[in-house]
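A.B. asks: Here's a structure for you.
The values are calculated or read from the model by the stated rules, or taken from the named source; none is laboratory data. Computed from a prediction, not measured in an experiment: that's the story for all the values here. Methodologically, a virtual Cβ is constructed for each residue, glycine included, from the backbone with ideal geometry; neighbour enumeration extends over all protein chains shown.
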């Protein structure tokens with residue numbers, strides 16, 4: 001088994017690792033028609049993907065580049081297809097074009113960005129990023145050991161696949177697309193019981209194995225593991241941030257504690273994982289609305305409108321479940 005400690009590490013300026021770093025030519029998705037080109041925006045999730053649009057050819061970027069958002073919480077992704085960008089996106093062309101080596105580098109960069117405290121008060125810029133230093137494993141000549149990075153990620157990937165048990169694919173009975181169903185508006189409070197979290201300071205933490213959910217936009221919202229107990233303990237809910245990384249939300253099938261910056265949303269019907277995951281993304285579409293000083297407080301959360309597939313004037317939960325099961329089947333086919 002390969003270990004990170006098997007190699008000597010050295011700090012490099014990010015600008016040394018890429019043959020090209022530039023700001024992408026941008027488009028505004030609000031002024032684009034639906035099309036076939038993946039559109040990458042300033043999102044922390046789904047590789048930054050925001051939909052498929054018709055974009056001018058000169059604004060389409062080659063596959064294999066790395067994108068990095070400069071506004072909000074900076075995060076980098078490898079883009080496996082040709083793509084276009086929204087505003088404030090950096091494009092990075094790696095000196096080594098191997099996918100696994102790039103995945104290693106992206107992981108290191110994202111950890112460094114997270115630790116660097118970048119955000120709206122301390123934004124990323126082209127100059128800052130080029131001068132930023134990250135540590136990488138080196139070969140005997142003192143240069144980045146891309147072969148080690150590649151083999152390390154390949155081994156991790158193989159081990160992960162080996163650990164995944166053979167899973168039976170879901171039986172699909174509804175093959176309709178999103179454009180083949182009726183959509184209606186719903187207030188969040190008409191769908192969910194909305195319950196508060198409870199304040200728990202770091203001084204009050206007791207170390208344990210129970211996830212503590214804070215107002216984070218990554219790691220499924222888990223910011224710590226504790227052995228505490230309080231009235232916020234819950235499971236099979238969405239945890240929706242109304243402070244911090246507002247509107248970000250994650251599904252929690254396990255028992256967890258929730259901070260006072262996170263609301264617990266529990267479907268009024270008996271909801272399952274697939275229903276929650278579908279609705280999670282519909283809520284996330286409201287994120288842009290609350291980015292610039294427009295607070296996502298408890299009252300606005302209740303009255304926030306989201307669109308959902310509808311049948312007989314009610315949310316079509318069966319379609320949502322079937323749609324997400326189809327997506328899970330697609331993932332299983334790729335493993």
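A.B. asks: Restricting attention to segment 82-94, and to residues there that are surrounded by fewer than 18 Cβ atoms within 10 Å (Cβ to Cβ) and modelled with pLDDT of 95 or more, which single residue is nearest to residue 21 (Cα to Cα)? Step through it out loud before you land on a result.
C.D. replies: Taking segment 82-94 and keeping what is surrounded by fewer than 18 Cβ atoms within 10 Å (Cβ to Cβ), we get 82, 87, 93.
Now narrow it down to the ones that are modelled with pLDDT of 95 or more: 82, 93.
On the way: 82: 17, 93: 7 Å.
Among those that are surrounded by fewer than 18 Cβ atoms within 10 Å (Cβ to Cβ) and modelled with pLDDT of 95 or more, it is 93.
A.B. asks: I've got another one for you. Taking segment 53-77 only, how many residues are within 29 Å of residue 179 (Cβ to Cβ) and surrounded by 15 or more Cβ atoms within 10 Å (Cβ to Cβ)?
C.D. replies: 7
A.B. asks: Then there is this: Give segment 65-76 a look and list any residue that's closer than 15 Å to residue 21 by Cβ and free of Cβ contacts under 8 Å to residues at least 60 places away in the same chain, or say none.
C.D. replies: 65, 66, 67, 69, 70, 74, 76
A.B. asks: Taking into account only those residues within segment 263-293 that are in a helix (DSSP H, G or I) and over 22 Å from residue 72 (Cα atoms), which is nearest to the chain's Cα centre (by Cα)? Working first, answer last.
C.D. replies: Quick first cut of segment 263-293, residues in a helix (DSSP H, G or I) only: 273-284, 287-290.
Adding the requirement that they be over 22 Å from residue 72 (Cα atoms) leaves 273-279.
Numbers: 273: 17, 274: 17, 275: 18, 276: 16, 277: 13, 278: 15, 279: 15 Å.
Applying the filter and picking the extreme gives 277.
A.B. asks: How many of the residues making up segment 6-39 are part of a helix (DSSP H, G or I), farther than 20 Å from residue 65 by Cβ and within 24 Å of the chain's Cα centre (by Cα)?
C.D. replies: Final tally of qualifying residues: 1.
A.B. asks: Residue 47 fails exactly one of the following numbered conditions: (1) closer than 25 Å to residue 217 by Cβ; (2) surrounded by 19 or more Cβ atoms within 10 Å (Cβ to Cβ). What is the number of that condition?
C.D. replies: Going through the list (1) closer than 25 Å to residue 217 by Cβ; (2) surrounded by 19 or more Cβ atoms within 10 Å (Cβ to Cβ), residue 47 breaks only (2).
A.B. asks: Oh, and also: Can you name the residue in segment 294-321 that is in a loop (DSSP other than H, G, I, E, B) and touching a helix residue (DSSP H, G or I) at 6+ places or on another chain (Cβ under 9 Å) and is also nearest to residue 187 (Cα to Cα) among such residues?
C.D. replies: Of the residues in segment 294-321, the ones in a loop (DSSP other than H, G, I, E, B) are 294-297, 304, 312-313, 316.
Next, only the ones that are touching a helix residue (DSSP H, G or I) at 6+ places or on another chain (Cβ under 9 Å) stay: 294, 296, 304.
Numbers: 294: 18, 296: 14, 304: 6 Å.
Result: 304.
A.B. asks: If residue 182 satisfies every condition in (1) closer than 26 Å to residue 114 by Cα; (2) touching a strand residue (DSSP E or B) at 6+ places or on another chain (Cβ under 8 Å); (3) in contact (Cβ under 8 Å) with a residue 24 or more places away in the chain; (4) surrounded by fewer than 13 Cβ atoms within 10 Å (Cβ to Cβ) but one, which is the exception?
C.D. replies: (1)
A.B. asks: Would you check which residues across segment 224-251 are surrounded by fewer than 17 Cβ atoms within 10 Å (Cβ to Cβ) and either at pLDDT below 90 or over 22 Å from residue 277 (Cα atoms) (or both) and list them?
C.D. replies: Selection gives 225, 227, 229, 230, 231, 243, 244.
A.B. asks: When the residues of segment 210-223 are filtered to those that are surrounded by 17 or more Cβ atoms within 10 Å (Cβ to Cβ) and in a loop (DSSP other than H, G, I, E, B), which remaining residue is farthest from the chain's Cα centre (by Cα)?
C.D. replies: That would be 214.
A.B. asks: Looking at 291, 286, which is the one that is out of contact with any helix residue (DSSP H, G or I) (no Cβ under 7 Å at 6 or more places or on another chain), within 19 Å of residue 45 (Cβ to Cβ) and in contact (Cβ under 8 Å) with a residue 60 or more places away in the chain?
C.D. replies: Being out of contact with any helix residue (DSSP H, G or I) (no Cβ under 7 Å at 6 or more places or on another chain), within 19 Å of residue 45 (Cβ to Cβ) and in contact (Cβ under 8 Å) with a residue 60 or more places away in the chain holds for just one of 291, 286, which is 291.
A.B. asks: Sticking with this one: Answer yes if at least one residue in segment 308-331 is touching a strand residue (DSSP E or B) at 6+ places or on another chain (Cβ under 7 Å), modelled with pLDDT of 95 or more and loosely packed, with under 12 Cβ neighbours inside 10 Å, and no otherwise.
C.D. replies: No, segment 308-331 contains no residue that is touching a strand residue (DSSP E or B) at 6+ places or on another chain (Cβ under 7 Å), modelled with pLDDT of 95 or more and loosely packed, with under 12 Cβ neighbours inside 10 Å.
A.B. asks: Test residue 287 against the criterion of being out of contact with any strand residue (DSSP E or B) (no Cβ under 6 Å at 6 or more places or on another chain), buried (at least 21 other Cβ atoms within 10 Å of the Cβ) and at pLDDT below 95, and give yes or no.
C.D. replies: Answer is yes for this residue.
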